[in-house]
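Worksheet for the structure shown next.
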Amino acid sequence: MSDVLSQSEIDNLLAALSSGEVDVEEMKKSSENTVKDYDFSRPSKFSKEHLRTLEIIFEHYGRLLSTNLPVYLRKNIQVEVMNSEAVTYMEFSNALSNPVLLGVINFDPLKGNIIMEMATKLGYTIVDRMLGGEGEPLERIRDFSEIELLIVERIMVSCVELLREPWQNVVDVYPRLERIETNPQFAQIISPSEMIAIVTLNIKIGDVEGLMNVCLPYLTLEPVMDKLNTKFWYSNMQDKTEDSYSDDIEYLIRKASVPVTAVLGNSTINVSDFATLQIGDVIRLNRKVDDELDVFVGDIRKFTALPGSSDKNYAVRLTTVIREEQT
């Protein structure tokens, strides 16, 4: 914002001074610099704008979780972003229970790792659902077995893969789950005094609720901190029109595989003849050698063709295209 006043603003200020509406002494007092306490152990590396942008990103991420996880868990899932805050890594690690579910995630191409911490009762609920149960958490907390960790890892890998889309407006990341730790002492990814941003999501699987905390170190996000503002984020959102959606749909349809079948002919025999068929027997079809064959795409008769071969393989050469009005 410019410190230079326009001529109209100067005229209004002079008029206010002459009328007594503005007191010069009060203006001097208000312009005096005020001293604020600054904690050097907790430098303000994350502004409110940064934290708000992270919340927007993870609101998008929450919507992806609520639509993708039910495929695996067969339960209604609701995800809500609770809050975001900037703390030191020591404060985050000291608040962790034992056992805990910590996913250490490689955030390539950004340097370093991020951490996804999931409430243990959510982990037990996931295991119970994946093994055919009702999705009830354990009444008594215990360590996860190796089999249970493998089951949780499968779901967490899916959660990590979903991180890519919400971050596309900021940076193209290729997140990868490196490992799962159940002891917080083995997840010291940065110095305890380093600043991190924590985004807290509330996840509800059926009737079971729990928190998921995503720990984002400043050292990892430092190269893209300038992009973590709502103005940049919204300016990079691609407002797709109906035409672009139709183009995407057409592209996907073109890549779809469809069965193509050429029918040599048909014949009808009785069951006794069929049961006694031997190698070398001849079944007479309803077509001649030089007749055109019907070619079906799926269940639709789409072409006619003549039989032949190509590089020692059976093949057909299309002769006509059957239009929709001809079928």
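The values are calculated or read from the model by the stated rules, or taken from the named source; none is laboratory data. In this text, all values refer to a predicted model and were calculated from it rather than measured experimentally. All Cβ positions, even for glycine, are placed from backbone atoms using ideal geometry, and neighbour counts span all protein chains on display.
Key figures for this structure:
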item	result
Residue in region 127-138 that is surrounded by 14 or more Cβ atoms within 10 Å (Cβ to Cβ), closer than 19 Å to residue 99 by Cβ and modelled with pLDDT under 85 present	yes
Residue match in region 173-182 (condition: under 23 Å from residue 77 (Cβ atoms), buried (at least 19 other Cβ atoms within 10 Å of the Cβ), without any contact (Cβ under 8 Å) to a residue 12 or more places away in the chain and of a type outside the set (A, V, I, L, M, F, W, C))	no
Cross-chain or 6+ apart pairs with Cβ under 9 Å, region 192-212 first and over 23 Å from residue 47 (Cα atoms), then among the small types (Gly, Ala, Ser) and in a loop (DSSP other than H, G, I, E, B)	203/119; 205/135; 206/135; 207/135; 208/135; 209/119; 210/119; 211/119
Test: residue 203 is more than 19 Å from the chain's Cα centre (by Cα) and assigned by TED's automatic domain parsing to the domain that holds residue 75	no
Selected residue (criterion: nearest to the chain's Cα centre (by Cα)) from residues of region 250-266 that are of a type in the set (Gly, Ala, Ser) and surrounded by 10 or more Cβ atoms within 10 Å (Cβ to Cβ)	262
